[in-house]
1. Restricting attention to region 161-179, report how many residues are over 17 Å from Val106 (Cβ atoms) and in contact with a Phe, Trp or Tyr (Cβ under 7 Å, 6 or more places away or on another chain).
2. Within region 159-179, how many residues turn out to be assigned to a loop (DSSP other than H, G, I, E, B) and over 19 Å from Leu5 (Cβ atoms)?
3. Within 30 Å of Glu56 (Cα to Cα), in contact with a helix residue (DSSP H, G or I) (Cβ under 8 Å, 6 or more places away or on another chain), without any contact (Cβ under 8 Å) to a residue 40 or more places away in the chain and surrounded by 17 or more Cβ atoms within 10 Å (Cβ to Cβ) - does that describe any residue in region 83-96?
4. Mind listing whichever residues of region 129-158 are of a type in the set (A, V, I, L, M, F, W, C) and in a loop (DSSP other than H, G, I, E, B)?
5. Anything in region 1-19 that is out of contact with any Ser or Thr (no Cβ under 8 Å at 6 or more places or on another chain), touching a residue at least 60 places away in the same chain (Cβ under 8 Å) and closer than 22 Å to Gly118 by Cβ? List them, or say none.
6. Take region 1-35 and flag every residue that is among the basic types (Lys, Arg) and over 11 Å from Lys156 (Cα atoms).
7. Residues in region 14-31: is at least one over 25 Å from Arg161 (Cβ atoms), surrounded by fewer than 16 Cβ atoms within 10 Å (Cβ to Cβ) and not polar (S, T, N, Q)?
8. Could you please tell me which pairs satisfy a Cβ distance under 6 Å, a separation of 6+ or placement on different chains, a first residue in region 140-154 that is under 15 Å from Thr123 (Cα atoms), and a second residue that is not in a helix (DSSP H, G or I)?
Amino acid sequence: MPHTLLGLSGALRTGSTNRKLLREAARLYGADSYIEADLDLPLYDGDDEDRDGIPEAVNLLIRQLSEADAVLIATPEYNGGITGVLKNALDWISRHSEKPLVGKPVAVMSAAAGRAGGVRGQTMLRTCLVPFRPRIALASEVGIADSGNAFDADGKLISDRYAASVQTLMDTLRAEVDG
């Protein structure tokens, strides 16, 4: 059966190691289709929502989440937590009448400059995901440390150990999708 993955990166930078991690995870998963969502959304403001409704960029994200078989989320760790970009996206998703993450298989991972690889950000992300009720793929945490030096020129992980950890997480996610 064809599998479509949607990637959410907590970093907006084009060359972000979290974007590289998402693409490498999708490759290791063997997805038929991989789409990376654009989380460059307006800052959530209830007054703006009351006046203008849900922005089209958020409606697109909701459609992408609904249509995906599974979701990959990679977040850097900023000050011990997730980025404002990712939290803002979650805030917008929570405001929509559709609840596209309920029961959706989700894999959480991180890439960061520090030696812990962003795992504290993952802990916060899992907490933030609780109200959405996804099916989080449970495998060993994937936290890519010193992430600026973890990928080759083609975006593949240099370390066999990291690649094996991502592969295990993707195998676990695939099992969630295949049920």
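1. Adding up the residues that qualify gives 0.
2. Within region 159-179, residues that are assigned to a loop (DSSP other than H, G, I, E, B) and over 19 Å from Leu5 (Cβ atoms) number 1.
3. Yes: region 83-96 contains one or more residues that are within 30 Å of Glu56 (Cα to Cα), in contact with a helix residue (DSSP H, G or I) (Cβ under 8 Å, 6 or more places away or on another chain), without any contact (Cβ under 8 Å) to a residue 40 or more places away in the chain and surrounded by 17 or more Cβ atoms within 10 Å (Cβ to Cβ).
4. Of region 129-158, the ones of a type in the set (A, V, I, L, M, F, W, C) are 129-130, 132, 136-139, 142, 144-145, 150-151, 153, 157-158.
Within region 129-158, Ala137, Leu138, Ala139, Val142, Ala145, Ala150, Ala153, Ile158 meet the criteria.
5. Of all residues in region 1-19, those out of contact with any Ser or Thr (no Cβ under 8 Å at 6 or more places or on another chain) come to 1, 6-8, 12-15.
From what's left, touching a residue at least 60 places away in the same chain (Cβ under 8 Å): 1, 6-8, 12.
Once the filter is applied, which keeps residues that are out of contact with any Ser or Thr (no Cβ under 8 Å at 6 or more places or on another chain), touching a residue at least 60 places away in the same chain (Cβ under 8 Å) and closer than 22 Å to Gly118 by Cβ, region 1-19 yields Leu6, Gly7, Leu8, Leu12.
6. Residues of region 1-35 that are among the basic types (Lys, Arg), as a first pass: 13, 19-20, 23, 27.
Hits for region 1-35 are Arg13, Arg19.
7. The initial filter retains those residues of region 14-31 that are over 25 Å from Arg161 (Cβ atoms), namely 14.
Checking which are surrounded by fewer than 16 Cβ atoms within 10 Å (Cβ to Cβ) leaves us with 14.
Next, from what is left, pick out any that are not polar (S, T, N, Q): none.
Looking through region 14-31, none of the residues is over 25 Å from Arg161 (Cβ atoms), surrounded by fewer than 16 Cβ atoms within 10 Å (Cβ to Cβ) and not polar (S, T, N, Q).
8. So the pair list comes out as Val142/Met109; Gly143/Ser110; Gly143/Gly117; Gly143/Gly118; Ile144/Ala111; Ile144/Gly117; Ile144/Ala150.
The values are calculated or read from the model by the stated rules, or taken from the named source; none is laboratory data. Computed from a prediction, not measured in an experiment: that's the story for all the values here. Glycine gets a Cβ as well: all are built from the backbone with ideal geometry, and neighbour counts include every protein chain shown.
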